[in-house]
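Notes follow once the structure below has been shown.
The values are calculated or read from the model by the stated rules, or taken from the named source; none is laboratory data. Everything numeric here is computed off the predicted structure, so don't read it as measured data. Cβ placement follows ideal geometry from the backbone for every residue including glycine, while neighbour counts extend to all protein chains displayed. What goes into the accessible areas is simple: the full protein's heavy atoms, side chains included, and nothing from ligands, DNA or RNA. Shrake-Rupley method; radii C 1.70, N 1.55, O 1.52, S 1.80 Å.
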Amino acid sequence: MPEEWIWALVADFGSECRERLRVSDTEASISLPVAKLVETFGARWKLSPRLHPEHPLPEARVRPDYAVETSGRITGFLELKAPGHDVTPDGFTKWDRKQWELMRGPRWPGTSRSCGHNSGAQVRPDEGSCGAVAASDV
């Protein structure tokens, strides 16, 4: 069972998303709560993650919403989608499918996707599969 601080962190995240989504249902509405969640969780584990918005990956011709830096190097990416947007490969739009294919190569670590209503999906480039993101994946 998760520790009490994890429950509180996730509850705060949910409350902040709910409040922001009350006014607007765009992916920008969940951007700050997601960044806060990742940075707070990482800091608790002394990882001190730093999020870099709209990080370009010219080789893949994509720009994920965030690059996650820990210990001075990029260790992952976050791609946010508007609430209600399917974040699983079976529900991808044409662009989402193309973006996912471009980012699943071995040059980039996992890319987490979220639409604010679920835990997202973890794209594992080496396997090309998706599954639920666990706190340990972020």
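Structural remarks
- Candidates are the residues of the range 12-37 that are farther than 21 Å from Leu51 by Cβ and either in a helix (DSSP H, G or I) or touching a strand residue (DSSP E or B) at 6+ places or on another chain (Cβ under 7 Å) (or both); the one that is least open to solvent (accessible area, probe 1.4 Å) is Val23.
- Residues of the range 43-68 classified as within 12 Å of the chain's Cα centre (by Cα) and open to solvent by less than 50 Å² (accessible area, probe 1.4 Å), total: 6
- Of all residues making up the range 69-83, the number that are open to solvent by 50 Å² or more (accessible area, probe 1.4 Å) and of a type in the set (Asp, Glu): 0
- A single entry from Thr93, Thr40 fulfils the requirement of being open to solvent by less than 70 Å² (accessible area, probe 1.4 Å), without any contact (Cβ under 8 Å) to a residue 24 or more places away in the chain and among the polar types (S, T, N, Q): Thr93.
- Listed by first and then second residue, the pairs linking a residue in the range 50-65 that is hydrophobic (A, V, I, L, M, F, W, C) to a residue that is open to solvent by 50 Å² or more (accessible area, probe 1.4 Å), with Cβ atoms under 7 Å apart and 6 or more places separating them unless they lie on different chains, are Leu51/Glu39; Leu57/Arg63.
- Within the range 1-11, the set of residues being part of a helix (DSSP H, G or I), exposed (fewer than 15 other Cβ atoms within 10 Å of the Cβ) and either touching a residue at least 12 places away in the same chain (Cβ under 8 Å) or of a type in the set (Lys, Arg) (or both) comprises Trp5, Ile6.
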